[in-house]
1. Find how much the distance from I300 to I224 grows on full extension, using 0.36 nm per residue of separation minus their present alpha carbon separation; answer in nm with one decimal.
2. For segment 11-44 and segment 223-263, compute the distance between their C-alpha centroids and round to whole Å.
3. Mean projection of the alpha-carbon convex hull of segment 120-193 over all orientations, in nm²?
4. Just to be sure I follow the definition: excluding the sites themselves, where is the longest run in the chain that has none of the trypsin sites (Lys or Arg not before Pro) in a DSSP loop with at most 16 other Cβ atoms within 10 Å?
5. Take the alpha-carbon centre of segment 82-114, take the same for segment 129-158, and report the distance between them in whole Å.
6. Taking only Cα atoms, what is the 0 to 90° angle, nearest 10, from helix 94-104's long axis to the longest principal axis of the chain?
7. Using DSSP to define loop residues, name the chymotrypsin sites (Phe, Trp or Tyr not before Pro) in segment 1-77 whose beta-carbon has at most 16 other beta-carbon atoms within 10 Å.
8. Return the distance in nm (one decimal) between the two label points of a simple spin-label model at E63 and L249, each offset 7 Å from Cα along Cα→Cβ.
Amino acid sequence: MSASGGTKAIVAALAANLSIAVAKFVAFLFSGSSSMLAESVHSLADSGNQGLLLLGGKKAQREATPQHPFGYGRERYIYAFLVSIVLFSVGGMFAVYEGYEKIQHPHPVEAWYWPVGVLLFAIVAESFSFRTAIKESNPLRGSLSWREFVRRAKAPELPVVLLEDFGALVGLVLALGGVGLALLTGDGVWDGVGTLCIGILLILIAIVLAAETKSLLLGEAAGIDEVRKIEDAVVDGDTVTRLIHMRTLHLGPEELLVAAKIAVRHDDSAAEIADAINAAEARIRAAVPIARVIYLEPDIYSEAAAAAGKNPAKNPGTPAH
């Protein structure tokens, strides 16, 4: 992920959500609409989430220490996971509770022009934020669908902002529909129904975010394209004759660990093998710049051992050698 692109999308979302949260809360005070209260809490939670993403990005830049020799790149995953928890608890559960209470004890929406005007303003502001997130994501997304991009992205910031902005826009439409139906029918129950729908939407988005960031926290391998580039780079056909097996792991969004066993010629000297390893590491880093931690183990390839299954399997989904 482009760090500058991710930061730009987060800052745009933060600015939009802070202004929208204030406007929504003012509209709630004048109208008494539960949809507006739920939406103001939603925007406030989103603002806190963007703050968490910025904090995670800052902490991830710390230098490695003896206690943390591979650095702090995964801080970004931890804070992204916290975002899903905040979205679920503060945004989703509060909206569900508020919607249930309003359905049980409905009251008409007062000063309708406040919530309607603020919701229209919020839709415009969120659209600009969503547009920024899409613009920053497109160069990284390439030919992937949006669903594939969210699932495969190793940097959590842009997928989180995309899902939050998308959820915010859908939530605003639900709030506008709830307030509109309450005004048309004179029945405040519809305002509560809109609030309840917003809560369910936020909980679903939080579950998706939690599932994706959990996978990143557990440790994901390099993408298929990166694995193929590494495989092509490691073998030169001269001193390194074969890739026996390989494992990759993201230490952070922009830092990859590569561990591989490579086949060298049985009559090579120690100096020749050392030169071959150094050359292979250089080729890997040139092909995949984020491959910053590389461990290569030389070995003599045996057809008999491979046939007997004694050579460990490579990364799932990569072609056999």
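None of the figures in this text is laboratory data; all of them are computed from the coordinates on show. The structure displayed is predicted, hence computed values, not measured ones. Note that each Cβ is placed from the backbone with ideal geometry, even for glycine, and that neighbours are counted across all protein chains shown.
1. Numbers: separation 76, 0.36 × 76 = 27.36 nm, distance 2.66 nm.
Here the answer is 24.7 nm.
2. 49 Å
3. Numbers: hull surface 23.2 nm².
Hull-based average projected area comes out at 5.8 nm².
4. Working: sites that count: R62, R265, K310.
Within the chain, the longest run free of exposed trypsin sites (Lys or Arg not before Pro) spans 63-264.
5. Using only Cα atoms to place each centre, the spacing works out to 29 Å.
6. So the helix axis and the longest Cα principal axis differ by about 30 degrees.
7. Working: sites: F25, F28, F30, F70, Y72, Y77; in loops: F70, Y72.
Within segment 1-77, the qualifying chymotrypsin sites (Phe, Trp or Tyr not before Pro) (loop, at most 16 other Cβ atoms within 10 Å) are F70.
8. Inter-label distance under the simple model: 2.4 nm.
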